[in-house]
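Take a look at the structure below.
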Amino acid sequence: GSNSVLNFGAGPAKLPREVLLEVQGELLNYQNMGMSIMEMSHRSPEYSKINADAQKAVRELMNVPDNYRVLFIQGGGTGAFAAVAMNLLNRTGSADYLVTGTWSRKAAKEARKYGNVKLVFPEPELGTIPDQSTWTFDPEASYVYYCANETVDGVEFGFIPETHDVPLIADMSSSIMTKEIDVKKFGVIIAGAQKNIGPAGVTVIIVRDDLLGNPMTICPSILDFTHISKENSVHNTPATFSVYVMNKVFDWIKRNGGVKEMEKQANEKSKLLYDTIDNSDGFYYCPISEECRSRMNVPFRVGFNKGNVALEAEFLDHALKYNMHQLKGHRSVGGMRASLYNAVTLEDVQALVKYMKEFQKEKA
Ligand code: PMP
């Protein structure tokens, strides 16, 4: 529609317009039931189908092997931080964490409530990931945890950490279904939906079978992977509307070439923006080392000498005139941040870089 804006928000983030239109079309009368999906039982045949279809779509889109379960829980990414610890720490009482930014730091802090947490390397300088040769693992760790894409800091792993036989746990809240991955390499994948695959309210958990069955006794049933798996993610009332919309996003990804195509577009979109920043003669500046620059969240400063706060305010203000929204960086890091999730198109990014070039011309 003509009233849409360009939305570069970090999450909740832009959803495909086609999906929103479908939701709108079905809102008052889902499949001729005379009511919306929001008003139906989570045990109805209609919701049961959505639940099954969405699980199947995750399997198809990510090529999930048979010995993994796909679960939908509530509590967001943050709930999953606690869930990971309570479901997996029991084996040895200790876990290894790779802290590379805001979200892995928070996950480590949450896990410390439930057991021993060791850091695989001292917290690195912002925008870097220490070389794998310098990492130290605890052979007694129940698992190794990392955040595949640090949404706030703009740091993304370009590789999967090698942990040998220790289960690897990944937070993919801001990168799920943006890159083809080998699920076999992971013990558990957690991902809040609200960036690349749906609205807030549902978190996808992909867990290997052999990691089920040993939760801590204090683990609440709503975060207990074993229990939720047995109950097929309808142990209690799920966020039915969120799962319904997420399932539509899965269909949209399938229609648009699957994860392979999302990856191709993510590479193209982020390259265009980073190239614009790097070729601006220092007017724009990205503080992240090239090898770990995020394809999803691009933090940058505006103005020579690594940023000028007054100019940044003006940049945001002018952006609004071009209908470009949610470009302000996270409050903890300042500057700008453009998030380029699956629903953000190459044309959206082309419009952004066009604006950036014009702004530079005007101010430099
Ligand atoms: N992990 C990552 C990578 C995130 O980006 C976020 C949210 N921005 C979270 C975890 C926390 O998610 P939630 O707000 O759903 O708890």
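Residues checked against (1) within 16 Å of the ligand (Cβ to nearest atom); (2) among the acidic types (D, E):
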residue	(1), (2)
T178	yes, no
D182	no, yes
K185	no, no
N196	yes, no
A200	yes, no
M216	no, no
**Asked** Of these, K361, K328, which one is at pLDDT 95 or above, surrounded by 14 or more Cβ atoms within 10 Å (Cβ to Cβ) and over 19 Å from A266 (Cβ atoms)?
**Response** K328
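Out of L89, L71, which single residue is buried (at least 17 other Cβ atoms within 10 Å of the Cβ) and within 16 Å of the ligand (Cβ to nearest atom)? Please lay out each step first, then the result.
Details: L89 fails: within 16 Å of the ligand (Cβ to nearest atom).
Result: L71 is the single residue among L89, L71 that is buried (at least 17 other Cβ atoms within 10 Å of the Cβ) and within 16 Å of the ligand (Cβ to nearest atom).
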**Asked** Looking at region 41-48, is at least one residue in contact with a Ser or Thr (Cβ under 8 Å, 6 or more places away or on another chain), surrounded by fewer than 22 Cβ atoms within 10 Å (Cβ to Cβ) and in contact (Cβ under 8 Å) with a residue 24 or more places away in the chain?
**Response** yes
**Fill in**
Subset of region 119-157, residues in contact (Cβ under 8 Å) with a residue 40 or more places away in the chain, within 24 Å of D182 (Cα to Cα), in a loop (DSSP other than H, G, I, E, B) and within 16 Å of the ligand (Cβ to nearest atom), comes to I129, T151, G154, F157
**Item:** Residue in region 231-251 that is away from the ligand (no atom under 16 Å from the Cβ), of a type in the set (K, R) and over 30 Å from K113 (Cα atoms) present
**Value:** yes
**Asked** Tell me, which residue of region 48-90 that is assigned to a helix (DSSP H, G or I) and charged (D, E, K, R) is nearest to G257 (Cα to Cα)?
**Response** E60
**Request:** Would you tally the residues in region 1-22 being surrounded by fewer than 18 Cβ atoms within 10 Å (Cβ to Cβ) and outside any loop (DSSP other than H, G, I, E, B)?
**Result:** 5
**Request:** Give region 184-204 a look and list any residue that's of a type outside the set (S, T, Y) and in a strand (DSSP E or B), or say none.
**Result:** V188, I189, I190, A191, G192, V204
**Asked** If you go through region 100-117 one residue at a time, do you hit one that is more than 16 Å from the ligand (Cβ to nearest atom), surrounded by fewer than 17 Cβ atoms within 10 Å (Cβ to Cβ) and either assigned by TED's automatic domain parsing to the domain that holds C292 or touching a residue at least 12 places away in the same chain (Cβ under 8 Å) (or both)?
**Response** yes
**Prompt:** Among the residues of region 164-174, which ones are modelled with pLDDT of 95 or more and more than 8 Å from the ligand (Cβ to nearest atom)?
**Reply:** V166, P167, L168, I169, A170
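Pick from E314, E291, E263: which is assigned to a helix (DSSP H, G or I), under 14 Å from A364 (Cβ atoms) and at pLDDT 95 or above? Even if it seems obvious, please write down each step before you answer.
Working: E291 fails: under 14 Å from A364 (Cβ atoms); E263 fails: under 14 Å from A364 (Cβ atoms).
When all the criteria are applied, what remains is E314.
The values are calculated or read from the model by the stated rules, or taken from the named source; none is laboratory data. For clarity, every value in this text was computed on a predicted model and none was experimentally measured. Counting neighbours? That spans all protein chains shown, and the Cβs are built from the backbone with ideal geometry, glycine included.
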